[in-house]
Amino acid sequence: QVQLVESGGGLVQAGGSLRLSCTASRSIFRFTDLGWYRQCPGKQRELVVTITRGGSTTYADSVKGRFTISRDNAKSTIYLQMNSLKPDDTAVYYCTGRVAGSDYWGQGTQVTVSS
């Protein structure tokens, strides 16, 4: 069983920054894909960004140029640096990873951006 644990959410004013972390219970070398999704109030869960084992990234258009995903293999952790935050970024952010053909999700961390 794989566990993913997010941290770093909170309340921030529009224009501010936050960095989310997601630590896996096993080496992230084993993961073929890792990423972040979010669920805004009243909406379906949506892709924010993914990163492959080879380092290729795919960003949602709404966050391009503002959000950056990175990974620290030694710490089995991925990060989501979020800059120039907007009220529309308010959501529960979920870390996800695929390993051995199965998808795993974290419990989510709340990000609230005030105007």
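The values are calculated or read from the model by the stated rules, or taken from the named source; none is laboratory data. The structure presented is a predicted model; accordingly, all values stated were derived computationally and were not measured. Please note: Cβ atoms are built from the backbone with ideal geometry, for glycine as well, and neighbour counts cover all protein chains shown. Surface areas here come from the heavy atoms of the whole protein model, side chains and all, with no ligands, DNA or RNA. Shrake-Rupley method; radii C 1.70, N 1.55, O 1.52, S 1.80 Å.
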Requested in this report: Return the residue satisfying two criteria in turn: it lies in segment 66-98 and is charged (D, E, K, R) and closer than 18 Å to THR50 by Cβ, and of such residues it is most open to solvent (accessible area, probe 1.4 Å).
Outcome: ARG98
**Report entry** Test set (1) touching a residue at least 60 places away in the same chain (Cβ under 8 Å); (2) in contact with a Gly (Cβ under 6 Å, 6 or more places away or on another chain) - ALA14 fails condition number
**Finding:** (2)
**Report entry** Every residue from segment 1-38 that is open to solvent by 60 Å² or more (accessible area, probe 1.4 Å), of a type in the set (A, V, I, L, M, F, W, C) and under 24 Å from SER115 (Cα atoms)
**Finding:** LEU11
Requested in this report: Mind counting the residues in segment 40-65 that are of a type in the set (A, V, I, L, M), surrounded by fewer than 19 Cβ atoms within 10 Å (Cβ to Cβ) and not in a strand (DSSP E or B)?
Outcome: 1
Query raised in the report: Going through segment 66-82 one residue at a time, which ones are in contact (Cβ under 8 Å) with a residue 24 or more places away in the chain and part of a helix (DSSP H, G or I)?
Result: ASN73, LYS75
Query raised in the report: So, of the residues in segment 99-115 that are among the hydroxyl-bearing types (Ser, Thr, Tyr) and in contact with a strand residue (DSSP E or B) (Cβ under 9 Å, 6 or more places away or on another chain), which turns out to be surrounded by the most Cβ atoms within 10 Å (Cβ to Cβ)?
Result: THR109
